[in-house]
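Visitor: Questions regarding the structure given below will be posed in turn.
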């Protein structure tokens, strides 16, 4: 949804600048993730368009759900977003903030999806190879997916390396039927 992305961009940039000034990227990440989860909840989503719920009440829902886990700057953001009827954009704001943070920290989030468990040594070798290829520090998340049959799939930013048996079988089936 391009419109939501456009709505989120200035807020994400402003939050990023606040985080940069305070050198607390991770604190903002945690709190934005929490707010994004609240905004994504279907019960809360119903409140966004409910004419009986005021902007102030909607902001209170967010701050009450999160409790004392939000600092004052984040509470101010919630109030501002509520006032401008932009709370629904919180997931997009959190996502764009994470992209800005990754750029600033020269990191990339990578996901390794494997048919079998991957040892720590293998994970470290993959991180090193990706870091060298991408010129960034790599933060690797590992998932096991038995549907791959064998091999692995690596996703890092725009890079996708599919070395799974399932992908190879699909290519073979396409070649045979074509």
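The values are calculated or read from the model by the stated rules, or taken from the named source; none is laboratory data. Not measured: the values here are computed from a predicted model. FYI the Cβ positions are ideal-geometry reconstructions off the backbone, even for glycines, and counts take in every protein chain you see.
Visitor: What's the number of the only condition in (1) within 23 Å of the chain's Cα centre (by Cα); (2) in a helix (DSSP H, G or I) that residue 85 fails to meet?
Guide: Against the list (1) within 23 Å of the chain's Cα centre (by Cα); (2) in a helix (DSSP H, G or I), residue 85 comes up short only on (2).
Visitor: What number of residues within the range 132-142 satisfy the criterion of being more than 17 Å from residue 101 (Cα to Cα) and either touching a strand residue (DSSP E or B) at 6+ places or on another chain (Cβ under 7 Å) or not in a helix (DSSP H, G or I) (or both)?
Guide: Total satisfying the criteria: 2.
Visitor: A further question follows. Can residue 86 be described as out of contact with any strand residue (DSSP E or B) (no Cβ under 9 Å at 6 or more places or on another chain), surrounded by 13 or more Cβ atoms within 10 Å (Cβ to Cβ) and at pLDDT 90 or above?
Guide: When the stated conditions are applied, residue 86 passes them.
Visitor: What's the total number of residues in the range 149-162 that are out of contact with any strand residue (DSSP E or B) (no Cβ under 7 Å at 6 or more places or on another chain) and surrounded by 12 or more Cβ atoms within 10 Å (Cβ to Cβ)?
Guide: Total meeting the criteria: 4.
Visitor: For the range 62-83, indicate whether the set of residues that are surrounded by 19 or more Cβ atoms within 10 Å (Cβ to Cβ), without any contact (Cβ under 8 Å) to a residue 40 or more places away in the chain and not assigned by TED's automatic domain parsing to the domain that holds residue 30 is non-empty.
Guide: no
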